[in-house]
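Here's the structure, in structure tokens; my notes come after.
The values are calculated or read from the model by the stated rules, or taken from the named source; none is laboratory data. Keep in mind it's a predicted model, so treat the numbers as computed, not measured. Reconstructed Cβ throughout: ideal geometry from the backbone, glycine too, with neighbour counts over all protein chains shown. Calculation scope for accessible area: heavy atoms of the full protein, side chains included, ligands and nucleic acids excluded. Shrake-Rupley method; radii C 1.70, N 1.55, O 1.52, S 1.80 Å.
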Amino acid sequence: MHHSPAADTAATAPLSSPRASDSALHTAYDTALLDLDGVVYTGGEAVPHAVDALAAARESGLRLAYVTNNAARTPQTVAAQLRQLGVPAAADEIITSAQAVARLIAEHVPQGARVLAVGAEGLRVALEERGLTVVETADEEPAAVVQGYGGPSMEWGRLIEAAIAVQRGVPWYASNTDLTIPSGRGIAPGNGSAVEVVRIATRWMRTPPEPRIAGKPLPPMHRESILRTGARRPLVVGDRLDTDIEGAHAGRVDSLLVLTGVTDATRLLAARPVHRPTYVARDLRGLLAAQPDVTGDAKKGFRCRGWTAHAGADRLTLEGDGEPLDGLRALCGAAWSAAGDAECRLDAGDALTRLGL
């Protein structure tokens, strides 16, 4: 059965296969909420086909917004980087976890309250935009302490101030808890690692405190995106199952996974329900295309165009030929249906090798 995104956004039942869309996605939705790293760029370079696909989608009337868990940079800085890559972007089209956590704090402290901010310029600017007063130490009687990614120059003393404030009972917030962040030289510790440092320093307390977290995949980030864009039929576009796709599930909206970042075909097939995307595409050109139907059942196999996939006792098998992504969609149907509410642990190596994935 073909999916009509405009009429039925994000069903709550676990997906047993990727859904179909008769319309090209850029016409079926009014706003694309796009992750950045691994989707639009990687290692400082534009992902192949991203610039042209985004230009075509924008020209057709699709609103584009860029949603990032990185709280270090201001929206102005992010927009400037996108423009350098050839992607037209304004600061008001950038949504950061710093903005989401600043709103969350502002809703729980008095107007103009002091906030001990441990992070970079993006976090400070977001707090000041909410009328909050940024302070440097635990001794300035902050009403809240917040951690955001501080970049390679963050001083250890900032974490000491945060830990002392949290030990004194100051409400604790974090822009996000991504443990790692990609860099041009490898995987680096992310804000979640800095949050863990404060957690370790406070775990001796009778009731160890926990931070309130704003970033993907949690609801405050999705709420910030909707409030800032006014989206009525949003499509989340990302490369990570545990942030982008899980965040779409939390916000009960549809999602498109692109295979240009950290998620490969093997991880996609193993995905548990909250990590299963509505649609799958090789890259952002998927925004400009309709999505094919996946039909069938466990007995007859799952079909997508020229391919048929079966789930056996210990492995997934694939027959047919055609576009490799259609084969992957058929395999998703077989894997997800066999797994139900769990992860699929069937071996898909031979099938994926045949697809070149």
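Restricted to the stretch 120-155, and to residues that are among the polar types (S, T, N, Q) and without any contact (Cβ under 8 Å) to a residue 60 or more places away in the chain, which residue is nearest to residue 193 (Cα to Cα)?
Going through the stretch 120-155, the residues among the polar types (S, T, N, Q) turn out to be 133, 137, 147, 153.
Next, only the ones that are without any contact (Cβ under 8 Å) to a residue 60 or more places away in the chain stay: 133, 137, 153.
Values: 133: 25, 137: 21, 153: 15 Å.
In this case the residue turns out to be 153.
For the stretch 272-285, the criterion of being at pLDDT 95 or above, under 30 Å from residue 27 (Cβ atoms) and surrounded by fewer than 16 Cβ atoms within 10 Å (Cβ to Cβ) is met by no residue. Determine if the stretch 208-219 includes at least one residue that is of a type outside the set (A, V, I, L, M, F, W, C) and without any contact (Cβ under 8 Å) to a residue 24 or more places away in the chain. Yes; the residues of the stretch 208-219 include at least one that is of a type outside the set (A, V, I, L, M, F, W, C) and without any contact (Cβ under 8 Å) to a residue 24 or more places away in the chain. Annotation note: of 97, 60, the sole residue that is touching a helix residue (DSSP H, G or I) at 6+ places or on another chain (Cβ under 7 Å), more than 30 Å from residue 144 (Cα to Cα) and hydroxyl-bearing (Ser, Thr, Tyr) is 60.
Per the listing 206, 228, the residue uniquely open to solvent by 60 Å² or more (accessible area, probe 1.4 Å) and closer than 15 Å to residue 67 by Cα is 228.
Does at least one position in the stretch 257-269 carry a residue that is closer than 14 Å to residue 19 by Cα and of a type outside the set (Ser, Thr, Tyr)? Explain how you work it out, then say what you get.
Here is the first cut: in the stretch 257-269, the ones closer than 14 Å to residue 19 by Cα are 257.
Add one more test, that the residue is of a type outside the set (Ser, Thr, Tyr), and what stays is 257.
Looking for residues that are closer than 14 Å to residue 19 by Cα and of a type outside the set (Ser, Thr, Tyr), one finds at least one in the stretch 257-269, hence yes.
The residue that is nearest to the chain's Cα centre (by Cα), counting only those in the stretch 311-333 that are open to solvent by 40 Å² or more (accessible area, probe 1.4 Å) and closer than 22 Å to residue 277 by Cβ, is 323. Within the stretch 237-255, is there a residue that is without any contact (Cβ under 8 Å) to a residue 12 or more places away in the chain and assigned to a loop (DSSP other than H, G, I, E, B)? No, every residue in the stretch 237-255 fails to be without any contact (Cβ under 8 Å) to a residue 12 or more places away in the chain and assigned to a loop (DSSP other than H, G, I, E, B). Only one of the listed residues (266, 260) is under 19 Å from residue 68 (Cβ atoms) and either open to solvent by 10 Å² or more (accessible area, probe 1.4 Å) or at pLDDT 95 or above (or both). That residue is 260. Scanning the stretch 110-119 for residues that are surrounded by fewer than 22 Cβ atoms within 10 Å (Cβ to Cβ) and either touching a residue at least 60 places away in the same chain (Cβ under 8 Å) or not aliphatic (A, V, I, L, M) (or both) yields 110, 111, 112, 114.
Restricted to strands (runs of 3 or more DSSP E) entirely inside the stretch 120-199, those with at least 3 residues that are at pLDDT below 95, surrounded by fewer than 22 Cβ atoms within 10 Å (Cβ to Cβ) and out of contact with any Gly (no Cβ under 8 Å at 6 or more places or on another chain) are 186-189.
What helices (runs of 4 or more DSSP H) completely inside the stretch 15-104 contain at least 1 residues that are open to solvent by 40 Å² or more (accessible area, probe 1.4 Å) and polar (S, T, N, Q)? Before the answer, list the steps.
Working: elements: 25-28, 50-59, 75-85.
So the answer is 25-28, 75-85.
Return the only residue of 45, 59 being closer than 25 Å to residue 215 by Cβ and out of contact with any Leu (no Cβ under 7 Å at 6 or more places or on another chain).
Criteria check complete, one pass: 45.
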